[in-house]
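A short worksheet on the structure shown next.
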Amino acid sequence: MSDRWYSKAVVYCLDIDSYADSDGDGCGDIRGLIGRLDYLSRLGVTCLWLNPIHPSPNRDDGYDVTDFYNVDPRFGTLGDFAELLHQAGNRGIKVIIDLVVNHVSDQHPWFQSARKSPESPYRKWFVWSESAPPDRNQGMVFPGEQDETWTYDRTAKLWYYHRFYRFQPDLDIKNPEVREEIKKICAFWLQLGVAGFRMDAVPFIIEETEPGNPDSPKDLAFLSELRQHVQWRKGDAVLLAEANVEPDQLLKFFGDEGGSSNRIHMLFDFMLNAKLILGLAREDPEPIIDALRDSPKLPVGGQWATFLRNHDEIDLSRLTAEQRKDVFDRFGPEEHMQLYGRGIRRRLAPMLGNDRRRLELAYALQFSLRGTPVLRYGEEIGMGDDLALKGRDAIRTPMQWSMLPNAGFSSADAGKLNRPVIAEGEFDFRKVNVTVQRHDPTSLLSWFERMIRTLKEAPEVGSGACTHVDVPAPSGVLVHRADDITGSMLFVHNLGPEPGVVDLSSLSGETEFPNDVLADQEYPEPGELDKIRVEGYGYRWIRMRRTA
């Protein structure tokens, strides 16, 4: 991959502990992942995003780190990780890792030292208050599981700040030593060979917390500082950020007021994600059209990352109460399917009733929209969820490889698995697994491989302009296009159950032998584009022209 490789990447997100266990201890590991790299290569993955890999008490699925310079011993060693980077590189796959530096585990040596003595060199690395801040019951990220953001430490005889759980004390970004340490962490992993970082909770990393001020200032300049440091250490390294902020704040995370792209390379598009889910729930393209229309123009080099499912719940907080109700009614009607009053903790296949047509439609639509697509492990085979598990663990069950015990994930006794495999119902691992689908050319896995190959032949999607084609269209039908110096693609997706025909002849003058490159079924040749038919829950990717 070359300059701005991330604009044409296909990103695959996984938890090492849930992917493949090589030594039979019930926990996925790095060697197990290495053994599955050929599978990822065949799927078409070009960038692997690993959820937290560091040593941790694992009270928050690894997001409570005790050592930023090592690998969780459950997963293997630094030597194993270096081999993973080497073997992935041999297959043209880049690796990015989670950078979780908003906070640490309360068991981290830094915090343990800080709380024990005012003279500790780490005392000022954390945010303290001598009295209970009046806003300590505000700003919780996990309502219902948190009741405060400040906790009294009896050893320190001070209150410490934690935007997340009380066992995750926040680092103080105002401290220059903390800023340098974050850069040092990045430099270490870049030197080892990672291609960049997915930055967790970026708005909270840059928050200059002030006791009693629920709207503390944010130091966006630190993002420029970090970007410069990362770029000097590795020229093509990428920063992919989680920043679920108000639309008018988004551009500030890409670059400064001068319009340069000197901060974050890529942002997850949470607003588009919520509008995609709303559009699928209502079988109406209007929310998606609104999202495309309202997207701010990014600076050169800035990029969106699109997704339908990730490692967390589907976050509907940016929707109105009425819109959230529509999504909950359709995709999460029971309380145990919901999380924090704002999200849905389900995989897409069960949300869509395991309807193959709607699954293809949803992912064909996501992968055709502007930006870089991100795919959660298991979605390519239509895995289900386990709502008996707590919180976000419902969508973190082991990868289903085969009909062998434990879905081929591990040779350990079932009771020793870090999480149980799905072993009943329509998503039972004996029905839904890689091996079964590998032998079926019509399977969802085979479709994903074909769709991703087609996407790689359409670079306009990742790096070009994406616009809604505003023509009269049947209810449920979305038409958009992607244009770049390489040519033009036309996309027709039907979010509704009824077939429709749309007249796109106004575009025929721009075409050179238009033809379907991906579709839910065989359709007549597009011809003059005057009668483009699409079945219910159908889709058509049409190559309009290609430029040398």
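The values are calculated or read from the model by the stated rules, or taken from the named source; none is laboratory data. Fair warning: this is a prediction, and the values are worked out from it, not measured in the lab. Every residue, glycine as well, gets a Cβ built from its backbone with ideal geometry; the counts of neighbours run over all protein chains shown. The accessibility values were calculated without ligands, DNA or RNA, using every heavy atom of the protein model including side chains. Shrake-Rupley method; radii C 1.70, N 1.55, O 1.52, S 1.80 Å.
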One finds the C-alpha centres of the range 214-230 and the range 478-548 to be spaced, in Å, by 43
Rounded to the nearest whole number, the Stokes-Einstein translational diffusion coefficient of the range 164-213 at 10 °C and 1.306 mPa s (Kirkwood radius, C-alpha pairs) in µm²/s is 126
Here Rg/Rh (Cα, Kirkwood) for the range 153-278 equals 0.99
With all protein chains present, the chain has a carbon and sulfur share of its accessible area (1.4 Å probe) in percent of 48
Taking only protein heavy atoms and a 1.4 Å probe, the highest-to-lowest accessible-area order of 116, 218 is 116, 218
Expected sort for 254-263, 340-349 on mean C-beta neighbours within 10 Å, highest first, is 340-349, 254-263
With DSSP loop assignment and no more than 14 other C-beta atoms within 10 Å, the trypsin sites (Lys or Arg not before Pro) in the range 1-71 are 59
Computed about the Cα centre, the charge dipole of the chain from +1 Lys/Arg and -1 Asp/Glu charges at the Cβ has a magnitude in debye, to the nearest 20, of 900
Under a 1.4 Å probe, counting only protein heavy atoms, residue 180 has an accessible area in Å², nearest 10, of 100
Hull surface over four for the Cα convex hull of the range 56-172, reported in nm², is 8.8
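Calculate, in whole percent, how much of the Cα-Cα pair population of the chain lies beyond 39 Å.
Tail of the P(r) past 39 Å holds 26 percent of the pairs.
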Here the equivalent ellipsoid of the range 23-118, derived from its Cα gyration tensor, has semi-axes (largest first, whole Å) of 30, 14, 11
For the range 180-243, Rg(Cα) over 2.2 N^0.38 Å is 1.22
Semi-axes in Å, largest first, for the range 293-416 (Cα gyration tensor, √(5λ)) are 28, 20, 14
With every protein chain kept in place and a 1.4 Å probe, the residues 21, 516 fall, from largest accessible area down, as 516, 21
Measure of exposure for residue 503: accessible area at 1.4 Å probe, Å² rounded to 10, is 80
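Within 11 Å, Cβ to Cβ, of residue 531, how many net charges do the neighbouring residues add up to if Lys/Arg are +1 and Asp/Glu are -1?
Neighbourhood net charge equals -3.
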Honestly the range 352-451 on the Cα gyration tensor test (a ≥ b ≥ c root eigenvalues; a/c under 1.5 rounded, otherwise a/b vs b/c for prolate or oblate) is just prolate
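Give me the percent relative contact order of the chain, please, defined on Cα pairs under 8 angstrom at least 6 residues apart.
12
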Row for the range 435-548, column shape: gyration tensor on C-alpha, a ≥ b ≥ c, rounded if a/c < 1.5 i.e. under 1.5, prolate if a/b over b/c, else oblate; value oblate
With only helices counted (DSSP H, runs n ≥ 4, each -39500 (n - 2.57)), the per-residue ellipticity at 222 nm for the chain, to the nearest 500, works out to -7500 deg cm²/dmol
For residue 528, the accessible surface traced by a 1.4 Å probe with all protein chains present amounts, in square angstrom to the nearest 10, to 120
Given pairs 183/416; 218/456; 183/252; 325/390; 174/234 and cut-off 32 Å on Cα-Cα distance, the over-length ones are 183/416; 218/456
Classified through the alpha carbon gyration tensor (a ≥ b ≥ c as square roots of its eigenvalues; rounded if a/c is under 1.5, else prolate when a/b is larger than b/c, else oblate), the range 440-505 comes out oblate
Between the modelled labels at residue 246 and residue 188 (7 Å from Cα along Cα→Cβ) the distance in nm is 3.8
